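These notes concern the structure reproduced below.
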Amino acid sequence: MNIITEKYEVYGIVQGVGFRPFVYNIALKHGLFGFVQNCLDRVEIIVQGDSTAILKFKDDLLKRLPPQAQITNLKINSVKTLENYTSFKIIESQTKAGVQPKITSLVPADLKICQDCTKELIDINNHRYNYPFINCTNCGPRISIIDRLPYDRDNTSMRKFKMCKFCKSEYENPSNRRFHAQPIACSQCGPRLLLTVNESEFHADKAIIMACNYLESGHIIAVKGIGGFHLITLASNVEGIKYLRKIKNRTSKPFALMMLDTDMVQKYCVVNLAEEKILNGSDSPIVFLNRRHDCNLPDIIAPNLSKLGIMLAYTPLHYLLLNRLNEPVIATSANYSEEPIAIGNDEANKKLKSFTNIFLSHDRDILQRFDDSVVNFLGSKKQIIRLGRGLAPRFYGLNINSSTKILAMGSHIKNTFCLLAQNQAVVSQHIGDLDNLETYNVLEQTINYYFKLFNYKPDLIAIDLHASYGSSKLGLKLSQILNLPIVKIQHHIAHVASIMASHSLNEPIIGVAFDGTGLGLDNTIWGGEFFGGDLNNLRRFASFKPFFLPGGDISIKNNWRSLIGLIVAYGLETELEGTLNNLETQFGDLAIKNIEKQIKANINTYSTSSVGRIFDAVSALLNICSVSDYEGQAAIYLMEAAKKYAAFNNYNILDVYNYDLEPENLETNDLTGILSINLRSMFIEIFADYTKKMAIEYIAYKFHVTLASIIDKICTIIKDKTKINKVCLGGGVFQNEVLINLTRHMLEKNNFMVYDSDTIPLNDAGISLGQAYAAYFKINNLTG
């Protein structure tokens, strides 16, 4: 027998997920001695025993992890020691002075209630029967209750609840799945449920019963979950939904639904295996699912959309409500439009009085707010739309080694931020749109929280070029407070870099960035860009011929303004006179003529190449959506029309609308030496088809085919010049499932390697990762 001693340093998601009892049990299984302990940024293991047994231990360690555990790095060293261990122990967390957490400490996300806890929750003979805060090492709150690392109970909002003897016996038993489950609790010692209705109060089971009674009577109630409050009403309560739309100023933006389980979901939606897996997974995001043809849910939930956003009951409290109701509910963030979600009991009572006077809350404090994550599927391929509960914070291993710690501030809308150090980046949860002071303050507070959590002190701050972005303003403020340099990263380069980072690409690529708006290097508004090269020298090769945005941001909701701006810029007043006449009928002769005058006088008018605004213009031209209630609505409705024809036509490629390439000198490196894509002919032909009363679905699909064909054509031109065949697709426009499916098909047919991402949002929520990654290459002057 060859007795050896080894030390393991394990990095990843290895705290709060049952990792230490797992190690304890496999050590006992193989007859090994030593110990396992939490450290601030890792778990450390000492194993002593026969070398053959240790090899088997290592094999189990890597192949039989607990469901929520994830190892990102494992360091193993032989140890020379005179100590002879006589048992294997789980010992107290190491908190040595001077040892600080790092962003290699993968903080566990909040987890959906697991199957074991669900069974116990509804088992009348179980100690935690109907207890709405049941959890174990495989489920329950994590990041939302953590104050600091290491992840121990005293460092969470559970510290005020003293464990009873029953819970303590499970907490201290390595063979129990609640061993060191930090939020462990029961009705004798843990958080308590409270339903308040004006001056009346109800507790425990009575609170659940009364809450369901109020919902069944047509009320809206505020319910405190893991990351914040929801406003909940029955999905069949049309009047309640109308009231929510009115008070939230949300005319037609879809609401999310919560359902008990996938059996309930399948009554209303078609669910494939990939969708079912993520619905039931520990992340439990909102998933966009295709409605069944016989779905009888009210159209007011998601007007004119073929998909519904659905999540399962992910906390025991939600499960108890849905189990009793046995029907779907609307579950929308408890806030006014664009404001942060409410997390505190007093905050909710103060902010939500206009919505409801019924509050189902509890006394476990939420320390960090988390909106629900949102995911879409293109067949079996996942797209993350929003990083929130269950998916954030999101950690990325990168193929770099940065000695500079970079804080990237992200974008103005759908804001997230990113911390980068060495070969690791962490992207925050969804903060929101920075149009109001409250969300701006939440961004600042959350950055400070991450600094504290990871003991992070940046050396440099990366921001967007646009000085008016709330994220840029805060970045500049922090740079002054911390006396740090600023690096500015162009918006669309950050979109491309985000995709590169998510795949650890650092070689030359072709980048395609299609989105709404972002400030370009020439001070115009970009949004339809083609790049080539590496991140230290990413050259702009092509762009759509610019058109006008009269009124700037006001055009984003008033899609007809983008259409007029395009008509004037492309000289289409004669060819599209009928469209102008239609707009005059809708919005008034004087309004349209004044917009034309405003453009020609260049008053509050901006030049743009935005594909997002091109979608808006086509949508307005086809009279699908001339005025948007929410961001991207016009493009979504246009996609919905195209999907109908795509399904009918089995995604066959049609002839494309004509367009013109206006080549300039592509050998130069300045910003004027680019290929310009002129869509004048396309708009003439679209209007001709519309006038001939061709099916709107056909026109919409052919438009999508044309855009995909343009991407394929330009990428081929760039490949011929550069020999690059890797294409990264970034920007919110590529959340369009018709466009990205067509684009992938065409590019892959022509032997391109195509990258988007299923780990970082393609929209502006992914900007922060791209900023950090691009900043690293910029400051190091690297070429990959």
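Could you go through the range 127-137 in sequence order and give the Karplus-derived ³J(HN,Hα) for each residue, using 6.51 cos²θ - 1.76 cosθ + 1.60 with θ = phi - 60°, rounded to whole Hz, and x for Gly and Pro?
Per-residue couplings from phi come out as 4, 10, 3, 6, 7, x, 10, 4, 6, 8, 6 Hz.
Around PHE541, which amide H atoms from residues at least 5 apart in sequence, or from another chain, sit under 5 Å from its own amide H, with H modelled in the peptide plane?
PHE530, PHE531, GLY532
Pop a pseudo-label 7 angstrom from the Cα along the beta-carbon direction at both LYS452 and SER380 and give the gap in nm to one decimal.
So the two model labels end up 4.5 nm from each other.
Quick check: net charge around ASP464, other residues with Cβ under 10 Å of its Cβ, Lys/Arg +1 and Asp/Glu -1? All intermediate terms of the calculation are to be shown ahead of the outcome.
Details: positive: LYS488; negative: ASP764.
Overall, the nearby charge balance is 0.
Counting Lys +1, Arg +1, Asp -1, Glu -1, what net charge surrounds GLU216 among other residues with beta carbon under 11 Å of its beta carbon?
Numbers: positive: ARG324; negative: GLU327.
After counting each charged neighbour, the total is 0.
Roll a 1.4 Å probe over the protein chains and send me the accessible area per residue for the chain in Å².
Numbers: 30120 Å² over 784 residues.
Result: 38 Å² per residue.
Using the Karplus curve 6.51 cos²θ - 1.76 cosθ + 1.60 with θ = phi - 60°, what ³J(HN,Hα) values do you get for each residue of the range 728-741, in whole Hz, with x for Gly and Pro?
10, 9, x, x, x, 4, 7, 7, 6, 5, 5, 5, 6, 5
If the viscosity is 1.567 mPa s and the temperature 4 °C, what translational diffusion coefficient in µm²/s does Stokes-Einstein give for the range 537-689 when Rh comes from Kirkwood over Cα pairs?
Values: Rh = 16.5 Å.
The calculation lands on 79 µm²/s.
Roughly speaking, what is the stretch gain from LEU661 to LEU482, that is 0.36 nm per residue apart minus the C-alpha to C-alpha distance, in nm to one decimal?
Numbers: separation 179, 0.36 × 179 = 64.44 nm, distance 4.79 nm.
Using 0.36 nm per residue and subtracting the Cα-Cα distance, I get 59.7 nm.
Taking 1 over the mean of 1/r across every pair of different Cα atoms in the range 656-776, what Kirkwood radius in Å do you get? Could the numbers behind the result be given before it?
On the way: mean 1/r = 0.0611 Å⁻¹.
This gives a value of 16.4 Å.
Just to be sure I understand the curve: with the Debye formula and one point per C-alpha of the range 130-281, what is log10 I(q)/I(0) at q = 0.18, 0.21 Å⁻¹?
-1.23, -1.31
So what's the convex hull volume per residue for the Cα atoms of the range 373-501, in Å³? List each step's numbers first, then the result.
Values: hull volume 15.1 nm³, N = 129.
Enclosed volume per residue, from the Cα hull, is 117 Å³.
Residue-wise, which Karplus ³J(HN,Hα) couplings in Hz belong to the range 268-275, taking 6.51 cos²θ - 1.76 cosθ + 1.60, θ = phi - 60°, and x for glycine or proline?
My calculation for the range 268-275 gives 10, 9, 8, 10, 8, 5, 5, 5 Hz in order.
Express in nm, to one decimal, how much length is gained between LYS597 and ALA695 on full extension, taking 0.36 nm for each residue of separation and deducting their alpha carbon distance.
Extra length available between LYS597 and ALA695 comes to 31.9 nm.
Hey, what's the Kirkwood Rh for the chain if you take every pair of different alpha carbons, in angstrom? Display every interim value, and only then the final one.
Numbers: mean 1/r = 0.0358 Å⁻¹.
This gives a value of 28.0 Å.
For the chain, what % of the accessible area comes from carbon and sulfur atoms, probe 1.4 Å?
Details: 14410 of 30120 Å².
Ligands and nucleic acids excluded, carbon and sulfur give 48 percent.
Helix-derived [θ] at 222 nm for the chain: sum -39500 (n - 2.57) over DSSP H runs of at least 4, divide by residue count, nearest 500? Can you show the working numbers first?
Numbers: 23 runs with 264 residues, N = 784.
The per-residue figure over the chain is -10500 deg cm²/dmol.
Taking 10 °C and 1.306 mPa s as the conditions, I'd like the Stokes-Einstein D for the range 385-440 in µm²/s, using the Kirkwood hydrodynamic radius from alpha carbon pairs. Mind showing how you got there, number by number?
On the way: Rh = 12.1 Å.
Answer from the Stokes-Einstein relation: 132 µm²/s.
Amide H neighbours of CYS39 under 5 Å, counting only residues 5+ apart in sequence or on other chains, H built in-plane at 1.01 Å?
GLU44, GLN94
Suppose we look only past 17 Å in the calculated P(r) of the range 252-359. What percent of the Cα-Cα pairs does that tail hold? Walk me through the numbers on the way to the answer.
Details: 3356 of 5778 pairs.
Roughly 58 percent, rounded to a whole number.
Where Lys and Arg each count +1 and Asp and Glu each count -1, what net charge lies around ARG128 among other residues with Cβ under 12 Å from its Cβ?
Details: positive: LYS119, ARG178; negative: ASP116, GLU120, ASP123, GLU170.
It works out to a net charge of -2.
Filter LYS488/LYS702; LYS643/LYS723; LYS414/LYS545; LYS29/LYS168; LYS29/LYS162; LYS112/LYS206 down to the pairs with a C-alpha to C-alpha distance above 31 Å, please.
LYS488/LYS702; LYS643/LYS723; LYS29/LYS162
Once the whole set of protein chains is in place, how much accessible area is left on ILE4, using a 1.4 Å probe, in Å² to the nearest 10?
Answer for ILE4: close to 50 Å² accessible.
The values are calculated or read from the model by the stated rules, or taken from the named source; none is laboratory data. A quick note: this is a predicted structure, and the numbers were derived from the prediction, not measured. Cβ coordinates were reconstructed from backbone atoms using ideal geometry, including for glycine residues, and neighbour counts include every protein chain displayed. These area figures cover heavy atoms from the full protein model, side chains too; ligands, DNA and RNA do not enter into them. Shrake-Rupley method; radii C 1.70, N 1.55, O 1.52, S 1.80 Å.
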